[in-house]
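Below you'll find the structure, written out as structure tokens, and then a few comments.
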Amino acid sequence: MNNNSPSCHDVLVLGAGFAGLATASYLAQSGHRVRVLERHDTLGGRARKFEVDGFTFDMGPSWYWMPDVFERYFEDFGADVHQEMNLVRLDPSYTVWFEDGPLEIPAGLDALAEVFESIEKGAGQRLRDFMAEAEVKYAIGMNKFVNKPAHNALEFAEWQTVVDATRLSLFTSFSAFARKHFTHPKLLQIMEFPVLFLGAKPEDTPALYSLMNYADTCLGTWYPMGGMNEIVQAMVRVAERLGVEFMTSAEVVAIHDDGGRASGVTLADGTEIEAAAVVATGDYHHIEQKLLPAKWRRYDEAYWDKRTMSPSSLLYYVGLDTRVPELQHHNLFFDTPFGPHAETIYDSNTWPDDPLFYVSAPSRTDNSVAPEGCENLFFLIPLAPGLEEKGDERDRYFEEILTRLEAHVGRDLRPFIRYCRSFAHSEFISEYSSYKGNAYGLANTLRQTAFWKPKMRSKLPGLHFAGQLTTPGPGVPPSLISGEVAARETCRYLHTQGIFPQKATQVDLSVEHETAFRG
């Protein structure tokens, strides 16, 4: 898979996460020679995996939402997502654990409407109304907005786009939109859950993001058997079929500026690799502030310090030598009030008391990720970015999680722990150069949406950015889309430099022909 000889390529892609793999594949499909440089010894970025004592742990993303984005992605390369991966739809989609016990969230709108009606009279129909509006937002957002590079506001000035934008509820908060439909606290928590990891409180998140509820309920929560890293493996297979080369253990320490354009990179071992263009898909702040000369930095430290970042996370990868049948694949523990926890993340920047937490138990669905009779658990506590550890936080929070879990499942799981590894701010920084140790990128506030995000096009000609800190935003599906858009913009740049794909003498990359670019 690896080609480690330095040579000139049309494009170097920095990072082999979802955005990097997508960028590389679309560029290669267009006929360009592409090499991906990955600092780690395995591919996948934050979606890497590790194996220990018979357990296979996904290190990052655990939710498979927006299946239509994955389907379209593989279709663009003549592949079938269901042949590349063994996907199963989870039912129940997840379980929410309240103080008085668990509530299973069934798959499908009809089944969920029945649950809502049983909790609040009339809520079943109001859920259908909510989802009808959310479907409109999803259709407009996914078809009209996310595929724009968002260089400036003029991209959104076409009349129909302006008309569509008025239907997105950009100036209504998600909290207000949800409260138009529901009053019961449990229902509000269920509806607000999908936006919690968008990086802002529901009252500060645009109602546009009700599209996440539509994706959750109507499009379904899925799981690729073998784990989320199976998505990475499938994307790598597609990329290799297109001729993409991969170079692992290749940490980039500088991006070359040759006559006012990006012309290659220098690796940590001193190797220099030339290219006609570069696409950087790692941490935007790190790349600009550490890899570029000051004159090519669009943003300074003050700019970044004023950004509203998404939460960081305290993670635990836990292997048990017992089964826990009370847990579903996805479990949200809302057994303490969200308000105080949210305040520590978004306002006071402090460590929380009695935090909400999430548990993924993929071994409830997939026997391959744990030894027989064992359970594979992934714990997550959302935290404010930039927190400093004093030394005892990881042990203290792990003890609290286990105590609260014991109250719900009826037994102490400590004696059954075979393996445990934690991962928090310091690892997000050391492993991914993540700004302030954030886990997801920028918060999706109104002032950090579309053309208000950090620009995809660098001040240095020939350098573009892709991934969770630029257009269209955080999450796995948006990262695939970001890679596609960055590839398109890079092709346009190469065209202006007279560098055409190997398999064609000219490429029409006008807006009218973007569909042709996608194959």
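The values are calculated or read from the model by the stated rules, or taken from the named source; none is laboratory data. Just so you know, these numbers come straight off a predicted model, no measurement behind them. Every residue, glycine among them, receives a Cβ derived from its backbone with ideal geometry; neighbour counts consider all protein chains shown.
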Options Ser25, Ser62; residue that is part of a helix (DSSP H, G or I) and outside the structural domain of Gln328 (by TED's automatic domain parsing): Ser25
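Within segment 1-22, take every residue that is modelled with pLDDT of 95 or more and assigned to a strand (DSSP E or B) and give me the one that is surrounded by the fewest Cβ atoms within 10 Å (Cβ to Cβ). Spell out the reasoning first.
Filtering segment 1-22 for residues modelled with pLDDT of 95 or more gives 11-22.
Then drop every residue that is not assigned to a strand (DSSP E or B), which leaves 11-14.
On the way: Val11: 29, Leu12: 28, Val13: 35, Leu14: 26.
Among those that are modelled with pLDDT of 95 or more and assigned to a strand (DSSP E or B), it is Leu14.
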Any hit, segment 319-335, residues being under 26 Å from the mean Cα position of the chain (by Cα), of a type in the set (A, V, I, L, M), under 25 Å from Gly475 (Cβ atoms) and modelled with pLDDT under 95: no
Residue list for segment 349-406, restricted to those being at positive phi and of a type in the set (Ser, Thr, Tyr): none
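If you check Leu208 against the conditions, is it modelled with pLDDT of 95 or more and either surrounded by fewer than 23 Cβ atoms within 10 Å (Cβ to Cβ) or closer than 30 Å to Asp110 by Cα (or both)?
It is false that Leu208 is modelled with pLDDT of 95 or more and either surrounded by fewer than 23 Cβ atoms within 10 Å (Cβ to Cβ) or closer than 30 Å to Asp110 by Cα (or both).
With the requirement that a residue be hydrophobic (A, V, I, L, M, F, W, C) and either part of a helix (DSSP H, G or I) or surrounded by fewer than 22 Cβ atoms within 10 Å (Cβ to Cβ) (or both), what does segment 426-460 give you? Steps first, please.
Applying the first criterion (hydrophobic (A, V, I, L, M, F, W, C)) to segment 426-460 yields 428-429, 439, 442-443, 446, 450-452, 456, 460.
Scanning segment 426-460 gives Phe428, Ile429, Leu446, Ala450, Phe451, Trp452.
Confirm whether Val96 is buried (at least 18 other Cβ atoms within 10 Å of the Cβ) and not in a loop (DSSP other than H, G, I, E, B).
Working: buried (at least 18 other Cβ atoms within 10 Å of the Cβ): yes; not in a loop (DSSP other than H, G, I, E, B): yes.
Here the answer is yes, as Val96 does meet what is asked.
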Residue satisfying all of: in segment 398-413; in contact with a Ser or Thr (Cβ under 9 Å, 6 or more places away or on another chain) and not charged (D, E, K, R); surrounded by the most Cβ atoms within 10 Å (Cβ to Cβ) among these: Phe398
Failed item, numbered, when Ala178 is tested on (1) more than 13 Å from Leu127 (Cα to Cα); (2) without any contact (Cβ under 8 Å) to a residue 60 or more places away in the chain; (3) of a type in the set (A, V, I, L, M, F, W, C): (1)
Given (1) free of Cβ contacts under 8 Å to residues at least 40 places away in the same chain; (2) under 20 Å from the mean Cα position of the chain (by Cα), index of the condition Gly122 fails: (2)
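Can you pull out the residues in segment 375-396 that are part of a strand (DSSP E or B) and either of a type in the set (A, V, I, L, M) or buried (at least 23 other Cβ atoms within 10 Å of the Cβ) (or both)?
Step one: filter segment 375-396 for residues part of a strand (DSSP E or B), giving 375-383.
The answer is Glu375, Asn376, Leu377, Phe379, Leu380, Ile381, Pro382, Leu383.
Restricting to segment 103-149, count the residues that are touching a strand residue (DSSP E or B) at 6+ places or on another chain (Cβ under 8 Å), over 18 Å from Met212 (Cα atoms) and among the aliphatic types (A, V, I, L, M). Spell out how you get there, then give the answer.
Step one: of segment 103-149, the residues touching a strand residue (DSSP E or B) at 6+ places or on another chain (Cβ under 8 Å) are 103-105, 107, 112, 115, 149.
Subsequent filtering for residues that are over 18 Å from Met212 (Cα atoms) retains 103-104, 115, 149.
From what's left, among the aliphatic types (A, V, I, L, M): 103, 115.
Residues that pass the stated criteria total 2.
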Qualifying residues in segment 337-374 (those that are in contact with a Phe, Trp or Tyr (Cβ under 8 Å, 6 or more places away or on another chain) and not in a loop (DSSP other than H, G, I, E, B)) - the one surrounded by the fewest Cβ atoms within 10 Å (Cβ to Cβ): Thr344
Every pair of residues 6+ apart whose Cβ atoms lie under 8 Å, when the first sits in segment 407-423 and is touching a residue at least 24 places away in the same chain (Cβ under 8 Å) while the second is of a type in the set (D, E, K, R) and assigned to a helix (DSSP H, G or I): Leu413/Glu406; Ser422/Arg394
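Against the definition (surrounded by 21 or more Cβ atoms within 10 Å (Cβ to Cβ), within 22 Å of Arg46 (Cα to Cα), touching a residue at least 12 places away in the same chain (Cβ under 8 Å) and in the same structural domain as Ala262 (by TED's automatic domain parsing)), how does Leu463 come out, yes or no? Outline the logic, then answer.
Details: surrounded by 21 or more Cβ atoms within 10 Å (Cβ to Cβ): yes; within 22 Å of Arg46 (Cα to Cα): no; touching a residue at least 12 places away in the same chain (Cβ under 8 Å): yes; in the same structural domain as Ala262 (by TED's automatic domain parsing): yes.
No, not satisfied.
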Residue within segment 265-280 that is closer than 24 Å to Lys455 by Cα, buried (at least 23 other Cβ atoms within 10 Å of the Cβ) and in contact with a Ser or Thr (Cβ under 6 Å, 6 or more places away or on another chain) present: yes
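Give, as residue ranges, the strands (runs of 3 or more DSSP E) completely inside segment 199-316 that count at least 1 residues that are touching a Gly at 6+ places or on another chain (Cβ under 9 Å) and in contact (Cβ under 8 Å) with a residue 12 or more places away in the chain.
Working: elements: 222-224, 245-247, 252-257, 262-267, 272-280.
Ranges flagged: 252-257, 262-267, 272-280.
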Test for Tyr440: is it modelled with pLDDT of 95 or more and touching a Pro at 6+ places or on another chain (Cβ under 8 Å): no
